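Here the structure is laid out as structure tokens; the discussion comes afterwards.
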Amino acid sequence: MKKTDKGFVQIYTGDGKGKTTAALGLALRAAGAGLQVRIVQFMKGQSYSELEALKRFEDLIQIFQTGGLKCIRKEEVTEIDRREAARGLDLAHKFLKDDSVDILILDEILVAHWFELVDLGAILEIIELRPDSMELVLTGRKAPSELIEKADLVSEIKEVKHYYQQGVPARKGIES
């Protein structure tokens, strides 16, 4: 039985750090309320600390990665990246049909669109197919205006200052 009466479409976008973190915070809050969460991470196949943490909640939060073992640039997209993105879309459609899922998070799907791995029409279709009681969260840079118009909540995370600019690499437990 659904624990939410009305679900909404949320977007976390922008060039600042924290879009995935915000979505995972929502997942954690939802788990605390007993909600079922499914997360599909597009363009991510690497090991991140949050994967270890989420294992503690695997009865409520399940995460699926669809990507390679390294970060890529737009000009480095391969056929494997395309197949992984298609697998991510297949998983999203599977979870849209699963009545037990309360929240579906499509992490970095907006970057996958920007990299031309996911068609805008495919994302719009996911929004249209979303059951009324399901919360749908889309994350990533460069949210297209068509998606912003369809969403019920849009948060833009803006980078003001970041220590990466000083040469500080990603730190375990903070950025990775």
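Rule-based calculations on the coordinates, nothing more; no lab input. Here the structure is a predicted model, which means the values were calculated and not measured. We place every Cβ from the backbone using ideal geometry, glycine too, and count neighbours over all the protein chains shown.
By how many nm would the segment from ASP98 to GLU116 lengthen if fully extended, with 0.36 nm per residue of separation less the alpha-carbon distance?
Working: separation 18, 0.36 × 18 = 6.48 nm, distance 2.74 nm.
Using 0.36 nm per residue and subtracting the Cα-Cα distance, I get 3.7 nm.
How much net charge surrounds SER49 when only the other residues with a Cβ under 14 Å from the Cβ of SER49 are counted, with Lys and Arg +1 and Asp and Glu -1? Its environment carries a net charge of +2. For region 37-78, the relative contact order comes to 53 percent (Cα pairs under 8 Å, sequence separation of at least 6).
For each pair in LYS97/LYS172; LYS6/LYS55; LYS97/LYS161; LYS70/LYS94; LYS19/LYS97, compute the distance between the two Cα atoms and list the pairs where it is over 31 Å. In this structure, LYS97/LYS172; LYS97/LYS161 lie more than 31 Å apart at Cα. Could you name the lysines in cross-link range of LYS74, using Cα to Cα under 16 Å and dropping any fewer than eight places away on the same chain? Straight-line reach from LYS74, under 16 Å: LYS44, LYS142. Over the chain, Cα pairs under 8 Å with separation of 6+ residues give a relative contact order of 38 percent.
Amide H to amide H, with H built 1.01 Å from N, GLY16 comes under 5 Å of ILE157, LYS158, GLU159, counting only residues 5 or more places away or on other chains. Note on the chain: Cα convex hull, mean projected area over all directions, 10.0 nm². When the Gaussian network model of the chain links Cα atoms closer than 10 Å, the mean-square fluctuations of ALA30, ALA53, ALA151 top out at ALA53. With the convex hull constructed from alpha-carbon coordinates only, region 25-116 shows a mean projected area of 5.9 nm² over all directions.
Look at where the Cα atoms of region 141-157 and of region 91-126 average out, and the two centres are 14 Å apart.
Trypsin sites (Lys or Arg not before Pro) within region 33-113: which are DSSP loop residues with at most 14 other Cβ atoms inside 10 Å?
Working: sites: ARG38, LYS44, LYS55, ARG56, LYS70, ARG73, LYS74, ARG82, ARG83, ARG87, LYS94, LYS97; in loops: LYS44, LYS70, ARG73, LYS97.
Passing both the DSSP loop test and the Cβ count: LYS70, ARG73, LYS97.
Taking only the alpha carbons of region 122-176, we obtain Rg and Dmax values of 15.9, 45 Å in that order.
Pick out, in residue order, every one of the trypsin sites (Lys or Arg not before Pro) in region 98-176 that is DSSP loop and has at most 13 other C-beta atoms within 10 Å; say none if there are none.
Values: sites: ARG141, LYS142, LYS150, LYS158, LYS161, ARG171, LYS172; in loops: ARG141, LYS142, LYS158, LYS161, ARG171, LYS172.
Here the sparse-neighbourhood loop sites are LYS142, LYS158, LYS161, ARG171, LYS172.
The GluC sites (Glu not before Pro) of region 19-121 that DSSP puts in a loop, and whose beta carbon has at most 13 other beta carbons within 10 Å, are GLU58, GLU116.
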